[in-house]
Amino acid sequence: MTKRKKALTVDCRCAGPLAGCLLLASMAPALAQPDSATTAEPQKILFDCDIGSDIDDAYALAFLLASPEIELVGITVGHARTADRAPLALRMLWETGLDHIPVYVGRETPLVTLRDGKPHEQFADAPYQRQFHWARGFDELKPQAQPAAEYIVEALNSAPGEITLLTVGPVTNVGDALEIDPDVLKKAKRVVSMYGSIRSGYDGGDAQREWNVLADAASSRIFDAGVQGGGTDVVYIPLDVTDHVRLNADRRLHLHMRDTPLTDAVTALYSLWRNEERNQTTPRLFDAVAVGYLLWPDLFGVEHGLVTVDERSMTLFEPGAEPTSTVALEIDDAEFIQRMVDRFLEQNLHR
């Protein structure tokens, strides 16, 4: 049994003697406590994403829409070809009858790729991602005219302490918002970010530069400085609890056979995303795991301490140091997958 799997026994509904559960639970990091997801009042969420590159953003957005515990107040899209990302979110909202949720577009940025282990800006070569085809020509809804960063500032300042900012892509829009208002993150109820690599990286290897940190290093430094200023409740959902959470073929078949507008949307986007030449067949649910934290913090083992970003775009963690953030380091991945798939299967969203 790997260290990662210890988290599977933290919820003592597991099989086996209760004493065994308690023993293993004591070996895991401190558990997060249930929050407003367990109350009747829905959590207000502002969702910042880069939908259209990897497939996990689409699963995350669909997951938010399918969850009655969530009130999605707005969606902001960022990174590279932002104007092509917005129609994906807009069409999903339209197909599910949730077109009252506004979508805001961030500025276009360079597309960062890695060559010989070094980042290179590739905006001129930014591809028209295959997922973009799903919403090509869709014009039933339009994004808002207000830039994404301005909307983030306006939304958080208009309802201080009420809205959770959920970020699952490069933090360009957040960095731009901080340039407008350096205190804007302090107005959020909390910030939950799929961001960083603490003790393990991609494919279970050593900690490494995580994509959302690396893809816009300048904005990551601004975000880091904003957090270090204190006064912001930040939860990091790093590779440690996301990279190994994957949607296998059997689960994907269940979603395909469900045949609702929402499951049809994620199935279609998965079909476009799949690229056998790059060995992309089994989705890693990075961003959906961050949504899962909002709903079921009991599935996560967390630690508290100082998170910083160094000049190489590595995320560093100092347990117990201040300003203190929450870092998720363990997850009951099997239970998470079961609950997420159930949520998709049990919804009936439609126009």
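The values are calculated or read from the model by the stated rules, or taken from the named source; none is laboratory data. Every value quoted in this text rests on a predicted model; they were computed, and no experiment measured them. Backbone-built Cβ (ideal geometry, glycine too); neighbour counts: all protein chains shown. These accessible areas exclude ligands, DNA and RNA; they are computed on the full protein's heavy atoms, side chains included. Shrake-Rupley method; radii C 1.70, N 1.55, O 1.52, S 1.80 Å.
Scanning region 285-321 for residues that are of a type in the set (D, E) and free of Cβ contacts under 8 Å to residues at least 40 places away in the same chain turns up D310, E311, E318.
Might you let me know whether region 162-183 holds any residue that is among the acidic types (D, E) and within 20 Å of Q43 (Cβ to Cβ)? Before you say what the answer is, go through the steps one by one.
Initial filter on region 162-183 (among the acidic types (D, E)): 162, 176, 179, 181, 183.
After this cut, where a residue has to be within 20 Å of Q43 (Cβ to Cβ) as well, the list is 162.
There is at least one residue in region 162-183 that is among the acidic types (D, E) and within 20 Å of Q43 (Cβ to Cβ).
Only residues that are part of a strand (DSSP E or B), open to solvent by 10 Å² or more (accessible area, probe 1.4 Å) and touching a helix residue (DSSP H, G or I) at 6+ places or on another chain (Cβ under 8 Å): list them for region 43-83, please. Residues satisfying the conditions are I70, L72, V73.
Looking at Q347, is it at pLDDT below 95, at negative phi and more than 18 Å from the chain's Cα centre (by Cα)? Against the criterion (at pLDDT below 95, at negative phi and more than 18 Å from the chain's Cα centre (by Cα)), Q347 does not qualify.
Checking the conditions here, which among R284, R312, R274 is farther than 24 Å from A89 by Cβ and among the basic types (K, R)?
Details: R284 fails: farther than 24 Å from A89 by Cβ; R274 fails: farther than 24 Å from A89 by Cβ.
Only one candidate passes the filter, namely R312.
Would you confirm, using the coordinates I've provided, whether E346 is exposed (fewer than 13 other Cβ atoms within 10 Å of the Cβ) and over 24 Å from C49 (Cα atoms)?
Details: exposed (fewer than 13 other Cβ atoms within 10 Å of the Cβ): yes; over 24 Å from C49 (Cα atoms): yes.
Spelling it out, E346 is indeed exposed (fewer than 13 other Cβ atoms within 10 Å of the Cβ) and over 24 Å from C49 (Cα atoms).
In region 302-315, the count of residues that are closer than 22 Å to R85 by Cα and of a type outside the set (K, R) is zero.
Close Cβ contacts (under 9 Å, 6 or more residues apart or on different chains) running from residues in region 332-351 that are in contact (Cβ under 8 Å) with a residue 24 or more places away in the chain and within 21 Å of A249 (Cβ to Cβ) to residues that are surrounded by 14 or more Cβ atoms within 10 Å (Cβ to Cβ) and hydroxyl-bearing (S, T, Y) comprise M340/Y59; R343/S67; F344/Y59; F344/T260; F344/T263; L345/T260; L345/T263.
Being under 20 Å from Y293 (Cβ atoms), open to solvent by less than 10 Å² (accessible area, probe 1.4 Å) and in contact with a Pro (Cβ under 6 Å, 6 or more places away or on another chain): is that true of S197 here? Break it down into steps so the answer makes sense when it comes.
Working: under 20 Å from Y293 (Cβ atoms): yes; open to solvent by less than 10 Å² (accessible area, probe 1.4 Å): yes; in contact with a Pro (Cβ under 6 Å, 6 or more places away or on another chain): yes.
Taking the combined requirement at face value, the residue satisfies it.
Between T282, T326, the distinction of being under 20 Å from the mean Cα position of the chain (by Cα) and in contact (Cβ under 8 Å) with a residue 40 or more places away in the chain belongs to T326 only. Per the conditions (1) out of contact with any Gly (no Cβ under 9 Å at 6 or more places or on another chain); (2) in a loop (DSSP other than H, G, I, E, B); (3) in contact (Cβ under 8 Å) with a residue 12 or more places away in the chain, the sole criterion not satisfied by V192 is (2).
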